[in-house]
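The values are calculated or read from the model by the stated rules, or taken from the named source; none is laboratory data. Note that the structure is predicted; figures quoted are calculated from it, not measured. No Cβ is skipped: glycine too gets one built from the backbone with ideal geometry, and neighbour counts run over all protein chains shown.
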Amino acid sequence: MVANIAILAIALASLWSDGNLWFGVYVTHHDFYGAGPWTWERLGWTVKYSLGNQLVIATFLLVAVIRFGGLLTDRSKWPELAFPAFCLGSYAAVTLAHWSQVQNYPTHQTVITSFAISFIALVLAPAIKVVAERHVVSGGIGLALFVAMCSPFSECGIAPLIDRADKPDWLKEALDILAGHAKPGDEMLSFNVELAFNGGYSVFPGCEASEFSYLAAVPDELAEKRKVLNLPRLAAAIGEEKAPFLTVTDRDFALMAAGNAEIAKQLKGLIDEHYSNVGVVKRYGQFGQDLYIFKRKGKAQVQ
């Protein structure tokens, strides 16, 4: 236990000393623009679909928490329960902090699920061992049936198991438009990195992590150090004869302008001055918004 605490302390000190922890947690959650104001309605939606997407894990977690509570009544077991308590506390703390600070999405819960799974495995280990040794067939069938029963409660349901198309229609349409104007390896100024990945294009430096690469208000020095885009670097990228292609949805544009009408007007003027619209894809991506595809005017155009 002491060794584990020491390792965690060293890792935390290392991250904090370089500013990584501060940048990754504080800056991205407080300077990132996009989601609407925190509301109880939104929180309810998030909780509902978080449970739906992970109903199997949530069920086992509830059983493990009940079992953990029973084990806590035996003081002699407290030392061996320290690590499970750490896993449970980490899962609960990150979940509550995230839900209280930003507009969380159900899929965000996936990132911290490893804490819940570790807790479940540690607390329910004796029962899991019995099932594995004595009831492997019936236990396996029961688990498969339980997972199948939970699937319809998921935000995505069982559609991914049925729809075996390689790419959604909106992605195919966007790639077809780009293929008529671009060649593999061409650079894109875009938060839609799936286009670059599937079409074989390169991504403008600072856009590698999609919209999370863009923090409008951070100082130039920090943006350069962390290799992300801020508003001045974005405006310069649009105005320079560099990326031949730019793609943007209404949501992307709101992020770029940080919700400021005057900045939005200036960015739109820059885009109109340096790029021509060559296509629009309706209901593109996760948020179902129109995607606008632009090709740079002048000498940077692809012939």
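Filter the range 199-215 for residues that are in contact (Cβ under 8 Å) with a residue 60 or more places away in the chain and surrounded by fewer than 21 Cβ atoms within 10 Å (Cβ to Cβ); which is farthest from residue 269 (Cα to Cα)? Applying the filter and picking the extreme gives 212. Contact map, the range 44-72: residues that are farther than 18 Å from residue 114 by Cα paired with residues that are modelled with pLDDT of 85 or more, Cβ distance under 7 Å, separation 6+ or inter-chain. Pairs shown: 67/123; 67/124; 71/77; 71/81; 72/81.
Select from the range 108-139 the residues that are hydroxyl-bearing (Ser, Thr, Tyr) and in contact with a helix residue (DSSP H, G or I) (Cβ under 7 Å, 6 or more places away or on another chain) and list them in ascending order. Within the range 108-139, 113, 118 meet the criteria. With the structure loaded, tell me whether residue 224 is over 22 Å from residue 181 (Cα atoms), free of Cβ contacts under 8 Å to residues at least 12 places away in the same chain and of a type outside the set (Gly, Ala, Ser) or whether it fails that test. Yes; evaluated as a whole, the condition is true for this residue.
When you scan the range 231-243, how many residues do you find that are in a loop (DSSP other than H, G, I, E, B) and buried (at least 21 other Cβ atoms within 10 Å of the Cβ)?
Residues of the range 231-243 in a loop (DSSP other than H, G, I, E, B): 240-243.
Filter once more, keeping what is buried (at least 21 other Cβ atoms within 10 Å of the Cβ): 243.
Within the range 231-243, residues that are in a loop (DSSP other than H, G, I, E, B) and buried (at least 21 other Cβ atoms within 10 Å of the Cβ) number 1.
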